[in-house]
1. By counting other Cβ atoms within 10 Å of each Cβ, how are 77, 41, 83 ranked from fewest to most?
2. I need the per residue convex hull volume for region 37-98, using only the alpha carbons, in cubic angstrom as a whole number.
3. So how compact is region 46-158: Cα radius of gyration and Dmax in angstrom?
4. Would you mind ranking 176, 183, 265 by Cβ crowding within 10 Å, fewest neighbours first?
5. In region 299-338, whose amide N lies under 17 Å from the spot 7 Å out along Cα-to-Cβ of residue 247? List them in ranges.
6. Nearest 10 degrees, 0 to 90: what angle lies between the long axis of helix 138-155 and the longest principal axis of the chain (Cα atoms)?
7. Name the most mobile residue of 125, 90, 191, meaning the one with the largest mean-square fluctuation, in a Gaussian network model of the chain with Cα contacts below 10 Å.
8. For region 298-423, what is the percent of antiparallel DSSP beta bridges, rounded to the nearest 5?
Ligand code: ATP
Ligand code: MG
């Protein structure tokens, strides 16, 4: 047999899954504290949804989607990102009618993009994202950014940089767009074919091109910052004030434009500044998307969201040399001597597990020495040793692996003693 995982995907093995679970726990706790509730949407959606909401001129829609036709002749797409589905669900389930606004949601799950595989870039990857829909208060922008920063901080990451920008509203965007078209049109032949088609549809995306980023015309392009109208400028300055209030350091980068078509006002990215990190340093991206719900027939519902992949978060931890704490270590390993101890051992195991004590025993009929080695390898906190004599006396030998001490414990005292020591 010669089967392998599809290119760009990976098996996450037990030696790694605990880290994922640990990160997911941190995410769930942070979201709980910030009062964001989990939403679970389907892994695939109608293809039109992404074309509409992510935008026809984006790399995602143009090059990266896994699109297929099902047996009912419908065009479906494996979700490349989470916001479109969340906004779809917000409109479809009339969440705009909920008494408490904004509606604050989060998700964690696999996304699919047909991309060239490299470190930190996979074809199936897991994103954690959060969305706050229904409010255009700059404080909610700051709250959401704080949530993203908090999740990283709770994992132990320190070398982070938050970069923010304002993309303005429709009015400033169209004035800026005109200036960009004038700037690039005389030289557009120097640019890649994608940029040539972006010129008419969405010239802002030229600034984000991964092919032409070194062309000096990109650095000299008219800056959006100079086109912000008063309302947009005020909004941006409020967001900055709230971030300062929350003690979140940031840098303003007027060239930051996000890859998705739907952003306006606040856009932000969080990068790792760790030296050990490879070429791709962006850990998280997000922004405001007023008007997105209307785009699919919903009411006006201003929103803001971000997404980060767990893969890049774990890479950043590695780069900083930070180890997550495994909270799921073995409490007790039971070593048996001789056939007559097996059933009593099995019954102790049952009682330990009823008390939520993480415990295990040998199922390979091995000698005592081999069982002790297992207990060591599995880093059990305690080892219970039970043989014929112990069974007869109704006791066990309890060994504490950290100091090697061993004592005889009456069966009736065992459970309480372990519970006290493990608490
Ligand atoms: P990039 O510029 O790296 O392609 P992007 O703008 O396409 O990123 P977003 O769509 O904003 O990324 O997704 C948000 C986050 O999801 C990224 O900051 C990154 O952490 C993660 N991400 C995006 N694509 C991948 C991928 N192929 N593999 C792993 N993580 C990814
Ligand atoms: Mg991308």
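Bear in mind that the values in this text are calculations on the coordinates, not laboratory data. Owing to the predicted nature of the structure, the values given are computational and were not obtained by experimental measurement. For neighbour counting, all protein chains shown are included, and Cβ atoms are generated from backbone atoms with ideal geometry for every residue, glycine included.
1. 41, 77, 83
2. 92
3. 16.3, 50
4. In increasing order of surrounding Cβ atoms, one gets 183, 176, 265.
5. none
6. Tilt relative to the chain: about 40 degrees.
7. 191
8. 55
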